[in-house]
Structure formats: C-alpha cells, structure tokens
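Rule-based calculations on the coordinates, nothing more; no lab input. Values in this document were obtained by computation on a predicted structure and should not be read as measured data. Ideal geometry is used to build each Cβ from the backbone, glycine not excepted, and the neighbour counts take in all protein chains shown.
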Amino acid sequence: MSKRIDVSDLNVYYGDFRAVEDVNITLDAKSVTAFIGPSGCGKSTFLRTLNRMHEVIPGARVEGKVLLDGDNLYGDGVDPVTVRSQIGMVFQRPNPFPTMSIRDNVLAGVKLNNRRISRSDADELVEGSLRGANLWNEVKDRLEKPGSGLSGGQQQRLCIARAIAVSPDVILMDEPCSALDPISTLAIEDLINELKDEYTVVIVTHNMQQAARVSDKTAFFNIAGTGKPGKLIEFAETATIFNNPREKSTEDYVSGRFG
Amino acid sequence: MFSGAALGAGALIVAVLFAVALFLVVQALPTFSANPADITGGRGFFDYIFPIVVGTLIAATIALLIATPIGVAVALFTSHYAPRRLARGLGYVVDLLAAIPSVVYGAWGASYLASQLKVPYAWLAENFGWIPLFAGPASGTGKTILTAGIVLAVMVLPIIASLTREIFLQAPMLHQEAALALGATRWEMIRMAVLPFARGGIISAVMLGLGRALGETMAVALVLSSGPLIASLIRSGNQTIAAEIALDFPEAFGLRMHELIAAGLVLFLITLVVNMVARWIINRHKEFSGAN
C-alpha cells in the first residue's frame, strides 16, 4: 500500500525560470511529512511534481528523479495518468464534482480505472472510504445528494474519501485546511493522523502549529529573494525543526521572525 | 439610479416582446375568421400552415443534427486540445464565420453545394431508396430540403462552436485538476469536469443556433426549390415558414398578407416553445449544477 519517495537533484522550471532548485529528499512510507516555508518558496510547486500535476501548467517541466519505491516517475514511457492514480492529491480549496452525488464523487476515481464494479462492491467501497475519511456518519443518509451541498470541512473530507477510494500509495495535500474553520481543521488533522497508518502523507501548510501537530518530519523551503529559485533549506524530525534547527533561517521562520 | 435603469431596460424588453406579439395576433386575426375556401390551398389555415411548419422543423433538425456534434467538437478542440496559438487562430476564424451574412451562405449553397450534392443524392436514392427519407428520384438540381439543412448547419455551426468554446473555457480549473489528480486522461477529465459543467451552456448555444435555423430566410429561399410537403429529403419539395414569408410577402395584399403574418405568429410560437423546453431541461438538473 504505502510507498516511500526518494527525490534526487530535482529542478522545476516554468519556461526559462527556475522555480525550485536541487531538491534532495526522502519521504518515508507510513509517515507524515510537512512542507513549510514562506509564500512563493516553491513548496506547492515541488509537491505537484511528486504526482506530475505541474504538467497541467503550460511550460512547466522537471529535471531530476523522483523514485516511488525505486520506480522513476519521470522514466521513459511512464504515463502521468498512471502516476496520478498511484499518488492521490487533495487541494487547497475543496473540489468535489458539483454535478455528482456524494456517492458518485467517492466512486469517481474508481470508475476511471476499473469501469465495471458491482453494486455491492461499490457500496462497500463508498462506506469504507467515507469511514476512512471520518465522514460516513454525517452523510450516510444522503449519499444521493450533491456533494456541493456539504459544508467546506465536509467537502474537504469528501475529497479525501475520493482520494483514498482508489487506494493510492501516497496522498499529497496542498494546504488542505487553509479554506476551513478551526473545527473542520481539527477534524482533518485527526484524519491525517489516522491516514498515516496506511499511507504516505505529504502536506504543505502555512500553519506552523499544524505542521508541528500532524507531521513526523518537516522540510523547510525558502527563497533568497523574488526571482530566485526556491530551495530546500532543512529537513529533519519535526521536533528538531521546531526546537533545535540547524539553520539560522529555519529558526527565524519557525520562531515567527519572518515570513 | 442603477436599479431604475435596470428596471427600465427589463421593462422595455417585455414591452417590445408584448408589442410584437400583439401586432402579430391582431394582424393574423382576419385569417382565422376568414372562409376556409379563401385561404391559400382552399382548405383552411391549418392545412395551409401544417406542411410549412413541418418543413421548417425538418430543415432546422437536419441543421442541428449536423452542427451540434461538430460545433461541440470544434469548441472542445480549441479549448482543451489545440496548442494555444493554433487555438487562438481557430477561434478568430470561427468568430469570423459567424459574422458572414446569410445571403452569402445562400448563394454558395445554391450555386456550388447543390450541384456538388447531385451525385451523392442519386447514390442515396439508388441504394437507400427503400427508406422514405431517401426515396427517389433524386432532385436534378440538388436544391432540396437536405441541401438547405446542410447550408443551415454551416451557418449555425460557428454560433454553437464559439458559444460552447466560451463555456468550456470557463469550466473551473479546480474540478479539472481534481479529475486529473484521480488519474483521469484528458478525455475522461473532460467528461467528468467539463461537459457536465457546460451542459446548460451547450443547450443554450444549441437553442440559439436553432433560433437562427428556424428563422433563417435568405439561405433557404435561395437554396430550396420549394414544393408541397414530402417525406423524401433528396427530392425538390417542402418549404419553410420564413422562406415562404420572404418570397411571397412583397406581392401579398389583403387576406394573403394576414395569412403570412399568421404564419409568422406560428413561427414565433414555435421558437417560444423551443426556448421554454430548453429552459426546463436546464432547470431539471439545477440541484447538481454546482450553483448551490
């Protein structure tokens, strides 16, 4: 189920502009890794390269290697579609498909990969995924209603249910709580803690307390100035990053002196 | 101030529409009270209007059956497949096509397309003549209702293509990314996140196209050699309301004029019903439109 990601010498470009420079990092299986850093430091861009979602942006390209348990995601003949079905993603703003019911939202990814699924298997998968996203009790009586009728926090958990329904190896989360209220945020954070029993979770967050609460390891990204590429400054156990960082800029950032 | 202006504009539209409807009804009334024997054809208004209503619907249906799939495909290509520079060029060309006056299309249909279609029509009559729609003998000039339908299709195609393209471009990136992140191919993403979003817009675009096809006068008048209602699409015959009015109005007086205005009233009602049905289809799925 859960797989490890090794990134070596990764550079991301938008056209001629280098957005992220020379990242080397290993993301452990069954753990939560948080990416923190000031806005524009390339952490979201880097996150997107882990499932090749950056390719949606015209002109974006990558040099370097990303290995998922040893398989290079950027190898010859690797289809980004396959990559994305193995590495799920949850976005900043909840984005359930507005034209689909709650049930169909959960099944959306499964129906792509495996068109024929029996009614009972589908029911089981819907219940399992919604339970996995701590949403089942809230929506079990209205599975046929549109997903867009849920609250923001519920919609975000529906998106997590949709991501885990295809049983990915890794789940990427791009600031999943930035559009949510504190209570919904807490619900998502609890969920992240449970998810790491089965999945490799990578989360980008602007909220340092959140990184401290949910992650095992933390990576700090920074830029030297506008127009300069983002860099991975420091990567260590979360406790180390927050209490005893090696780099001066990490300490300044986590103690709130800048950013 | 602004609300007053908006209210005024809204009221003006209703007033104009009402005035048009009132004019049509008042001017058409003598037709309905006239002696059936005095109506063209000699058997009352219904027998006069029915064939040209059907002819209008046939021509418009052919046009939409051809133009809708092609128009949507062109729009999808420009919005989601073509490289940006090609897409822009193609967009200009499509918008330009929409601006060509209908008489040009009519002249092209009559002088070029019709003669090109003579051979295919003869082939259809020979091989598929057992289907009433293609019953022979095929028209010797190619000026049939099918040719008129094809010309209308060419005319409404740019309308459908350019309107649906705008809708496709507005499909939220958020949901397109959601589909891609689940491992959807580009086509699967379009089916999941673009087409459902664009559904209402496609229907509106098709209805606007239908409006133009139903009301088109010049192209049909030039292309079709009209006649009584027949099932075959490849023989000369049939007539549409708009072309009938345009061809006969200059010489009409007295009852004949009232008759043609009554025909216009019928056309007005058809477009009204078509638009209401479209509105109903769009609203039926409101709960899932994403607007809530």
Rounded to two decimals, what is the ratio between the C-alpha radius of gyration of the range A:5-254 and 2.2 N^0.38 Å? 1.01
What residues of the range B:190-227 lie in the reach of a label at residue B:13, counting those whose backbone N is under 16 Å from a point 7 Å from the Cα along Cα→Cβ? B:204-205, B:208
Give the relative contact order (percent, whole number) for chain A; include only Cα pairs under 8 Å separated by 6+ residues. 28
Whole-Hz ³J(HN,Hα) for each residue in the range B:32-40, computed from phi via Karplus 6.51 cos²θ - 1.76 cosθ + 1.60 with θ = phi - 60°, x for glycine and proline: what do you get? 6, 8, 6, 5, x, 5, 7, 6, 3
Taking 2.2 N^0.38 Å as the expected size of a compact globular protein, what ratio does the Cα radius of gyration of the protein assembly as shown give against it, to two decimals? 1.30
So, with +1 on the Cβ of K and R and -1 on the Cβ of D and E, and no other charges, what is the size of the charge dipole of chain B about its Cα centre, to the nearest 20 debye? 740
Listed residue (A:229, A:92, A:209) projecting farthest to the positive dipole end of chain A, Cβ model: A:92
Connecting C-alpha atoms closer than 10 Å in a GNM of chain B, tell me which of B:105, B:81, B:121 has the biggest fluctuation. B:81
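Once you average over the residues of A:80-93, how many Cβ atoms of partner chains fall within 10 Å of each Cβ?
Numbers: counts 3, 8, 1, 1, 6, 4, 1, 2, 3, 5, 2, 5, 1, 2.
Mean inter-chain Cβ contacts per residue within 10 Å come to 3.
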Can you bin chain B into rounded, prolate or oblate? Criterion: square roots of the alpha carbon gyration tensor eigenvalues sorted a ≥ b ≥ c, rounded for a/c under 1.5, prolate for a/b above b/c, oblate for the rest. oblate
Using a 10 angstrom cutoff on alpha carbons, build the Gaussian network for chain B and name the most mobile of B:252, B:110, B:63. B:252
Output the 0 to 90 degree angle, nearest 10, between the alpha-carbon long axis of helix B:195-215 and the longest principal axis computed from the alpha carbons of chain B. 20
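Using Cβ contacts closer than 10 Å as the measure, can you line up B:276, A:173 from fewest to most?
With the sparsest Cβ surroundings first, the list reads B:276, A:173.
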To the nearest whole number, what is the average tally of beta carbon atoms from other chains within 10 Å of the beta carbons of peptide B:189-198? 3
Ranked by GNM mean-square fluctuation in chain A (Cα springs under 10 Å), the top entry among A:232, A:143, A:130 is A:143
Cα axis of helix B:255-284 to longest principal axis of chain B: angle in degrees, 0 to 90, nearest 10? 20
Rank B:192, A:139, B:8 by how far each Cα sits towards the positive end of the charge dipole of the protein assembly as shown (+1 on Lys, Arg Cβ; -1 on Asp, Glu Cβ) and give me just the farthest. B:8
List the residues whose amide H sits under 5 Å from the amide H of residue A:35, counting only those 5 or more places along or on another chain, with H placed 1.01 Å from N in the peptide plane. A:203, A:204, A:205, A:219
What percent antiparallel are the DSSP beta bridges of the range A:5-254, to the nearest 5? 55
Work out how far the C-alpha atoms of the range B:203-282 reach from end to end along every principal axis, then list the three figures in whole Å, largest first. 42, 33, 20
Please report the spacing between the Cα centers of the range A:201-219 and the range A:32-64 in Å, no decimals. 16
Cβ-placed point charges (K, R +1; D, E -1), dipole of the protein assembly as shown about Cα centre in debye, nearest 20: 740
Rounded to the nearest 20 debye, what is the charge dipole size of the range A:5-254 about its Cα centre when +1 sits on each Lys and Arg Cβ and -1 on each Asp and Glu Cβ? 660
State the answer as a single residue: which of A:14, A:240, A:218 lies farthest towards the positive end of the charge dipole of the range A:5-254, with beta carbon charges of +1 for Lys and Arg and -1 for Asp and Glu, about the Cα centre. A:14
Inter-chain shielding of A:96-107 (mean C-beta neighbours from other protein chains, 10 Å cut-off): 4
Within chain A, which DSSP H helices have Cα atoms that stretch 24 Å or more along the helix axis and a mean Kyte-Doolittle hydropathy of at least 0.5? none
Spin-label model distance (nm) - residue A:92 vs residue B:277, 7 Å beyond Cα toward Cβ: 4.6
Taking the Cβ of residue A:18 as the centre, find all other residues whose Cβ is under 14 Å away and add up their charges (Lys, Arg: +1; Asp, Glu: -1). -2
